[in-house]
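The structure appears right after this line, and notes come after that.
Please treat every number below as a calculation from the coordinates, not as lab data. None of these values were measured; they are calculated from a predicted model. Backbone-built Cβ (ideal geometry, glycine too); neighbour counts: all protein chains shown.
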Amino acid sequence: MSLGFWRIASDDPGRIAIVDAAGVEHTYGELLATSRALAAGFRERGASRGDVVACVLGNDPRFLATLLAAFESGLYFTPVNVHLAAPEIAYVVEDCEAVAVVDESTFDSLLVPGAAAPPQRSPGIQMMYTSGTTGKPKGVRRRVPEGDPDDVYGALAERTAQGFGVPLDPHTHLVCGPLYHAGPFVGALTTLHVGGTVVLLDKWTPEGFLAAVEQHRIATTQMVPTMFHRLLQLPAEVRERYDVSSLCSVFHTGAPCPVDVKQRIMDWFGPVVYETYGGTESAATIATPKRWLSKPGTVGRAIRGVTIHILDEDGNELPIGETGEIWIDNGGPPPEYFHDPEKTRGATRGRLVTLGDVGFLDEDGCLFLRDRKIDMVISGGVNIYPAEVEAALLADPRVGDVAVIGEPDEDWGERVVAIVETAPGVDASDDLADDLVRSCRDRIAAFKCPRTIRFVDELPRLPNGKVEKRRLR
């Protein structure tokens, strides 16, 4: 079958491309016409190959139209988090040097109705901004590709689909998170390039997700581990009410997933859960359901063309099984951080790039994550990985969610602190805190367990569901 959105839209314009959050259907032909009208608007404003357009839109068909316009015009596409404050949005728009900004107020004025394909079709590429964990966000920039957009993105979609068990024929894909994040972005784009239908959610809730899967016969979706945990907290009668048998590929990323949580989701959904490790800077690994079930906890093996290296602080390669910083070689030059050569130097070594995570490789080349280097707690000179402590606490049914951080300690340097949301119907108390510490010690070594547990009504989260540990600190 044909691959590549523009080819599919020309051959079958009546096919449904998007079902928006209000349930309105949008065809491939409509999406193609809108994207090309927008591309013409960019050209009228002087945009040419290698320029940047910024998009400040949520989970809306106009977001995907803007993306497709840039990707057929040789432009960098920079999606901007709509939840940022106005000065933060202004910073990204200015920093990326956008020649056009697409948002609620400008979208219609940029359209040139009836426009044909760009006179010189050229594939564009995303320039995503990092979340800014340690400072202002920075754009991750690669070279604009060469070739025909349908060929370039059709081939990329085919490789992605094969890696994640995605059907190479029309199917429905559910967007659970904000499109301006990499995971939802890639899932939606892959679907359109293989001829499927993208179903948009504007707000994710556990039961709302299940209802959408049943209603639209969802085949594929992208999630984060927090969503799995929230689904598993639903009462059994609610979970059993919905048919999820249509799911054939659920891929997750964004944070380490506790083994118990993922196993229970597999027991429910079936062996359809894929995991990917990587980031804005580079894709790295895929764990198929079969591989994960044979090696619980792995994030998989390196994808085709990628090599994983585990290095110590001096850049020396570590032996199999030893934990160190994870470095990725994707077979070509690493990306650069736009306008930040110092950050680029700190995150690259020749062709290698790091996301700041630590982990180890086993004898079969499977990668296991420990945690983010910046999140690691060093207590009494010993490295403690918060993800391991969080997994131990999440195994207790009284814990709704948890984040583990380090706090300064005069004797130990840092002490382990757990910030806990209790499960529905569970009251926070000093007795519960003491009991959770004892429960934790049954699962992991005592020196890793929290010395302090604090309770909160709700953990602060980024829009993609990840806990915002910087705010907790």
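Rounded to 0.05, the FRET efficiency of the residue 243 and residue 207 pair, given R0 = 22 Å and the Cβ-Cβ distance, is 0.95. What fraction of the Cα pairs in segment 5-198, stated in percent, has a spacing above 31 angstrom? It works out to 11 percent of all Cα pairs. Running Debye on the chain with equal point scatterers at the Cα sites and no solvent, what base-10 log of I(q)/I(0) appears at q = 0.07, 0.09, 0.13, 0.14 Å⁻¹? Each listed q maps to, in turn, -0.37, -0.62, -1.30, -1.48. For the chain, the residue among 184, 332, 228 whose Cα projects farthest onto the positive side of the dipole built from Cβ charges is 332.
Under the combined filter of DSSP loop state and at most 13 neighbouring Cβ atoms within 10 Å, segment 227-272 retains these trypsin sites (Lys or Arg not before Pro): 241. Compared with the alpha-carbon gap, the fully stretched path from residue 25 to residue 11 is longer by 3.2 nm at 0.36 nm per residue.
Over the chain, dividing the summed -39,500 (n - 2.57) contributions of all DSSP H runs of at least 4 residues by the number of residues returns a 222 nm mean residue ellipticity of -9000 deg cm²/dmol. Computed from point charges on the beta carbon alone (+1 for Lys and Arg, -1 for Asp and Glu), the dipole magnitude for segment 5-198 about its Cα centre is near 480 Debye. For a straight C-alpha distance cut-off of 14 angstrom, the aspartates and glutamates reachable from residue 295 (same-chain residues fewer than eight places away being disregarded) are 260, 275, 362, 363, 364. Below 8 Å, C-alpha to C-alpha, sequence gap of six or more: please give me the relative contact order for segment 302-372 in percent. In percent, rounded to a whole number, it is 31. Projecting the Cα atoms of 266, 319, 31 onto the charge dipole of the chain (Cβ charges, centred on the Cα centre) puts 31 farthest toward the positive pole. Among the listed pairs 138/290; 136/262; 262/448; 203/466; 138/448; 290/373, a Cα-Cα separation exceeding 26 Å is found for 138/290; 136/262; 138/448; 290/373. You can think of it this way: the chain between residue 267 and residue 48 has 73.8 nm of extra reach, that is 0.36 nm per residue less the Cα-Cα gap. Per-residue 3J(HN,Hα) values for segment 295-300, derived from phi via the Karplus relation 6.51 cos²θ - 1.76 cosθ + 1.60 with θ = phi - 60°, read 9, x, x, 6, 9, x Hz in sequence order (x marks Gly and Pro). For residue 343, the aspartates and glutamates whose Cα comes closer than 20 Å to its Cα, not counting residues fewer than 8 places off in the same chain, are 88, 94, 95, 97, 281, 312, 313, 314, 325, 329, 357, 375. Rounded to the nearest 0.05, the FRET efficiency derived from the C-beta distance between residue 311 and residue 378 at R0 = 22 Å is 0.75.
Under conditions of 10 °C and 1.306 mPa s, segment 302-372 yields 126 µm² s⁻¹ as its translational diffusion coefficient, taking Rh as the Kirkwood radius over Cα pairs in the Stokes-Einstein equation.
For segment 206-216, backbone phi angles converted through the Karplus equation (6.51, -1.76, 1.60; θ = phi - 60°) give residue-by-residue couplings of x, 6, x, 4, 4, 5, 5, 4, 5, 4, 9 Hz, Gly and Pro being listed as x. The calculated pair-distance distribution of segment 376-472 uses every alpha carbon pair, bins of 5 angstrom beginning at 0, and gives 3, 14, 25, 25, 19, 10, 3, 0 percent.
When both segment 379-445 and segment 357-378 are represented by their alpha-carbon centers, they are found 20 Å apart. Cα centroid distance between segment 69-86 and segment 162-183, in Å? Between the Cα centres of segment 69-86 and segment 162-183 lies a distance of 19 Å.
Gain on full extension, evaluated as 0.36 nm per residue between residue 472 and residue 441 minus their Cα-Cα distance, stands at 8.8 nm. Please name whichever of 387, 429, 397 sits farthest to the positive end of the charge dipole of segment 330-449, dipole taken about the Cα centre and charges placed at Cβ: Lys and Arg +1, Asp and Glu -1. Working it through, the farthest residue towards the positive pole turns out to be 387.
Computed about the Cα centre, the dipole magnitude for the chain is approximately 740 debye when only Lys and Arg (+1) and Asp and Glu (-1) carry charge, each at its Cβ. This model, with +1 at the C-beta of Lys and Arg and -1 at the C-beta of Asp and Glu, gives segment 302-372 a dipole about its Cα centre of some 360 debye.
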